[in-house]
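The structure appears right after this line, and notes come after that.
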Amino acid sequence: MTYTIQLLHDAERYLERLDRRTQSRIAARLLQLTVDPFDPGYSKQLTNFDRLRVSRVGGWRIIYSVEGDHLLVLVEEIGPRGQVYRRL
């Protein structure tokens, strides 16, 4: 059972502005999330946000939600650790 990744417009634009090395690291993590977006080795539930999860990639964070009915991982935010949570 494989999930599909969908990036919201802001997350996609932010990812495009990153350097190639960081883009490839984040893309590799997104591929891991297609296999199991609930794997505790790659992600955790955000406190006070029932539907949101976070995945760490070095100093970067991927904030996403999972729509189990459609097997969809919806990436809502990508950003540096200190700033990404402020936009929620």
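Quick notes on this structure:
- About the centre of its Cα atoms, region 4-87 shows a dipole size close to 520 debye [charges on the beta carbon of Lys, Arg (+1) and Asp, Glu (-1) only; nearest 20 debye].
- Computed on the chain, with alpha-carbon pairs under 8 angstrom and 6+ residues apart, the relative contact order is 32 percent.
- When Rg and the Kirkwood radius Rh are both evaluated on Cα atoms of region 4-87, their ratio Rg/Rh stands at 0.92.
Bear in mind these aren't lab numbers, they're just calculated from the coordinates by the rules spelled out. It should be emphasised that the depicted structure is a prediction, and the values quoted were computed from it without experimental measurement. Virtual Cβ from ideal backbone geometry, glycine too; neighbours counted across all protein chains shown.
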